[in-house]
């Protein structure tokens, strides 16, 4: 028994010594004392943003690497702020482990307007880089601050289609299968909406089926735009539980809102469209059936419809319910379309088929 006790004491002492040695070896990483600099662009450089090329690169930012005295992964965040505010309310533009970042024309324009610059007028934005490591107790390091001059344009956003992707959606993480669009405002291209069912764990938005960029997600409470697959990957728009949500995104201001949907979710058993857009004449007496989504019973689709220029409406059997443009007919240009309808809010989309 005494021998067992002695062995136990020896183990405790050895363990204590090992712990002390390891505690002495722990380091809190601190950045280099010398300041690090932004290499490009030059301080005071000027750019006039062109609304005709929203996806072009407006700003390429490069900076010096920061040393924390030991090999570690460093995360760099590009930050903007209003001039003369000393970064009281910094806005993160991108975050990555590389020492460079690009900002598209559309994103820089949106941020410039968000920071209070006037469209068509030169204004100044302050810019810096924030470096951090994941070690507990480590301190962030900031680059020197530079000022750039930007002339934004009045927010004009080209019409793009946005598709739901991620664990909250029918597609999951597939960029090729079961993608559902959200619904663009027919009068304001920057505004898109989705009122409907989502699973938990969130979603992102892509512009082109089959491609991971352009993509929209979040950076905190703001929208983060990913222009190319080499750019930082944004976080998901959050859905904490499965259920119905109302979501709105503005591609001009790069803002969004999401909240639980509290309206009626009563479903329809069938929906069709009719109108003189249907080739062959007498289209108002014809009913072209839409297919109900198995993921969200309020989303309806019919694919590859060749339409004449004209008018149409969606409706249930016998026209007990109908959906149009603010109650009126929907005006359609001639073409071939995938047609989508949301019977919860009456929004619809005509996506051209190539």
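The values are calculated or read from the model by the stated rules, or taken from the named source; none is laboratory data. Quantities reported herein were computed from a predicted structural model and do not represent experimental measurements. Because the Cβ atoms are built from the backbone with ideal geometry, glycine has one as well, and the counts that use them run over all protein chains shown.
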Practice prompt. Could you name every one of the strands (runs of 3 or more DSSP E) located completely within the range 83-168 that has at least 2 residues being under 16 Å from the mean Cα position of the chain (by Cα) and surrounded by 15 or more Cβ atoms within 10 Å (Cβ to Cβ)?
Written response: 91-96, 100-104, 163-165
Worksheet item: What single numbered condition from (1) touching a helix residue (DSSP H, G or I) at 6+ places or on another chain (Cβ under 6 Å); (2) at pLDDT below 85 fails to hold for residue 49?
Response: (2)
Item to complete: Report yes if residue 189 is more than 28 Å from residue 50 (Cα to Cα) and in contact (Cβ under 8 Å) with a residue 60 or more places away in the chain, otherwise no.
Response: no
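Let's see how each residue does on (1) free of Cβ contacts under 8 Å to residues at least 40 places away in the same chain; (2) closer than 30 Å to residue 209 by Cβ:
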{"site": "85", "(1), (2)": "no, no"}
{"site": "94", "(1), (2)": "no, yes"}
{"site": "118", "(1), (2)": "yes, no"}
{"site": "125", "(1), (2)": "no, no"}
{"site": "131", "(1), (2)": "no, no"}
{"site": "147", "(1), (2)": "no, no"}
Fill in: Failed item in (1) within 23 Å of residue 111 (Cβ to Cβ); (2) touching a strand residue (DSSP E or B) at 6+ places or on another chain (Cβ under 8 Å), with residue 158 passing the rest
(2)
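Among the listed residues 266, 241, 259, which satisfies the condition of being assigned to a strand (DSSP E or B), at pLDDT 95 or above and exposed (fewer than 14 other Cβ atoms within 10 Å of the Cβ)?
Numbers: 266 fails: assigned to a strand (DSSP E or B); 241 fails: assigned to a strand (DSSP E or B).
Within the list 266, 241, 259, the selection yields 259.
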Worksheet item: Hey, does the range 280-289 have a residue that's in contact with a strand residue (DSSP E or B) (Cβ under 8 Å, 6 or more places away or on another chain), assigned to a strand (DSSP E or B) and in the same structural domain as residue 328 (by TED's automatic domain parsing)?
Response: yes
Worksheet item: Quick one: is residue 57 at pLDDT 85 or above and assigned by TED's automatic domain parsing to the domain that holds residue 111?
Response: yes
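This table checks each residue for (1) modelled with pLDDT of 95 or more; (2) over 18 Å from residue 111 (Cα atoms); (3) not in a strand (DSSP E or B); (4) not assigned by TED's automatic domain parsing to the domain that holds residue 284.
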residue	(1), (2), (3), (4)
208	no, yes, yes, yes
225	no, no, no, yes
228	no, yes, yes, yes
231	no, no, yes, yes
246	yes, yes, no, yes
Practice prompt. Could you look through the range 180-206, keep only residues that are outside any strand (DSSP E or B) and at pLDDT 95 or above, and pick out the one that is nearest to residue 246 (Cα to Cα)?
Written response: 182
